[in-house]
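So the structure is just underneath, and the comments pick up after that.
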Amino acid sequence: MKNITGFFLSLFLISCHQKNEPTITPKAEVKKADTLEKINTSKALYSVYDLSPKTTAIVVNLDDKNTYNGAEFDKVFNSVTAKDSLYNVLEDREANRNRNFEYYDTLGVYKLIRNKTLENQIKKIVEPTYYVYGTKGFSKITINNVVCGLDECRTNFIAFPIENFDTNKYGRPLFCSKQLLPIEYQNNYFDVQKKVRDYIDEESKNYDYKDDIKIKIFANAGDAYFSYHDDFIWGKDPEKTKCKFPSRAIYIVKKDKPIKKFWVNDLDLFGIPCD
């Protein structure tokens, strides 16, 4: 696999605005793209998940030291929920008639809620637009709404629903970055994928919690390989899913060198803390 150092990769951007604004197609270049390790992408990445049949969103885990700006997100969330009692969502709906939030989407595993104060405060610390990367391409997305998914046992998060992402053109949305990344989509990652799967199998031999969903490599930036572990069912039909720990990860795979886990993010849908 050729390294991307010194290579000029032409990328076509589709600026997808959330309010049916005109679509523009400017041409941009990622100039002299260093390896992903050098451009410090770990400081700019979030995951994208299908949270329900109608909501796909950029997801920021709460209380997670590996989340970029995690402490800042936690501080804002804790401040708002101390006043507006957002965790009331875990109680009976009828008991929360005076709640300070509205239900955004209740069709998935999480009952997604929206609080205007949280939304306004979070928008002060996030970018107005992000690049969302799918299995076949990417699109520029504007952030409009801010919601959160809260649970007594599962991973809690803040999420930014995305709209107008053309899945026919760009595939399933998986990653999000504030940076334009030098990603390539190649036809066959079989050899690298096998190495990464073997690495994961060895690493997880003694894990108490895991599922049988296999990781899949779908893109790369030089020696950095983008992957997902997901059946894409859990958000739409929780009773049929086999995936309890959906994740997104980047692995550095170099010839004759050990595999390195560069970045990883996951959700605990099993609810390990309550087991």
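Throughout, read-outs are computed from the coordinates displayed, never taken from laboratory work. This one's a predicted model, so the numbers in the text were calculated from it and none came from an experiment. Ideal geometry is used to build each Cβ from the backbone, glycine not excepted, and the neighbour counts take in all protein chains shown.
The magnitude of the dipole of segment 131-213, with charges of +1 and -1 set on the Cβ of Lys/Arg and Asp/Glu and taken from the Cα centre, is near 420 debye.
Enumerate by residue number the GluC sites (Glu not before Pro) in segment 44-117 meeting two conditions: DSSP loop (anything except H, G, I, E, B), and at most 16 other Cβ atoms within 10 Å of the site's Cβ. Please list the in-between numbers first.
Working: sites: Glu72, Glu91, Glu94, Glu102; in loops: Glu91.
Here the GluC sites (Glu not before Pro) that fit, given the DSSP loop and packing criteria, are Glu91.
What you get for segment 76-162, charging only the Cβ of Lys and Arg (+1) and of Asp and Glu (-1), is a dipole of about 320 debye around the Cα centre. Between Asp231 and Asn120, what is the FRET efficiency for a Förster distance of 35 Å, r being their Cβ-Cβ separation, to the nearest 0.05? Once rounded, the FRET efficiency stands at 0.50.
Around Phe245, with a cut-off of 10 angstrom between Cβ atoms, what is the net charge of the other residues, counting Lys and Arg +1 and Asp and Glu -1?
Values: positive: Lys210, Lys244; negative: Asp211, Asp230, Asp266, Asp268.
Net of charged neighbours comes to -2.
Could you calculate the contour length gain from Asp198 to Lys210, that is, 0.36 nm times the residue separation minus the distance between their Cα atoms, to one decimal place in nm? Each step should come with its number before you reach the end.
Details: separation 12, 0.36 × 12 = 4.32 nm, distance 1.50 nm.
That works out to 2.8 nm of additional length.
What shape does segment 113-219 take by its C-alpha gyration tensor, where a ≥ b ≥ c are the square roots of the eigenvalues and a/c under 1.5 counts as rounded, a/b above b/c as prolate, and the rest as oblate? It comes out oblate by the Cα gyration axes.
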